[in-house]
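Student: Below is one structure. I have some questions about it.
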Amino acid sequence: MFLRSGWCFGASIATRKDIQRVQSETYHGYVDLLRGMLADLERETGELRFNLRLAAIGLTALIDGLWLEWCLEPDNFEPREAVQLCEAWVDRLEGR
């Protein structure tokens with residue numbers, strides 16, 4: 001059921017302007033939120049070490065991929081492990 005719903009939503013984005021608009025606003029708002037959080041983290045170190053926009057897009061992709069993988073096969077990993085993966089990814093941005 002999930003996959004069918006997901007594919008229907010994906011197909012709707014390609015053909016429906018109202019759904020495109022909502023998806024775009026939601027995506028950009030989420031990327032902006034992550035970008036702000038990463039900027040706060042970056043300020044703590046006092047150095048610019050990464051492109052904030054690309055880092056936010058990358059983290060969004062990681063989170064989306066983990067969410068999809070977990071929905072398809074929830075026994076593959078625990079939610080806390082997904083959090084650990086995201087934290088490790090951010091740590092790498094900071095050179096830790």
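The values are calculated or read from the model by the stated rules, or taken from the named source; none is laboratory data. All figures in this text were calculated on a predicted structure; none of them were measured in a lab. Ideal geometry is used to build each Cβ from the backbone, glycine not excepted, and the neighbour counts take in all protein chains shown.
Student: Go through segment 62-90 and give me each residue that's touching a helix residue (DSSP H, G or I) at 6+ places or on another chain (Cβ under 6 Å) and loosely packed, with under 12 Cβ neighbours inside 10 Å.
Tutor: CYS71
Student: In segment 71-83, which residues are more than 14 Å from the chain's Cα centre (by Cα) and either closer than 26 Å to GLU42 by Cβ or part of a helix (DSSP H, G or I) (or both)?
Tutor: Within segment 71-83, CYS71, LEU72, PRO79, ARG80, GLU81 qualify.
Student: Which residue out of LEU33, LEU93, LEU54, LEU59 is modelled with pLDDT of 85 or more and surrounded by 13 or more Cβ atoms within 10 Å (Cβ to Cβ)?
Tutor: The conditions single out LEU59.
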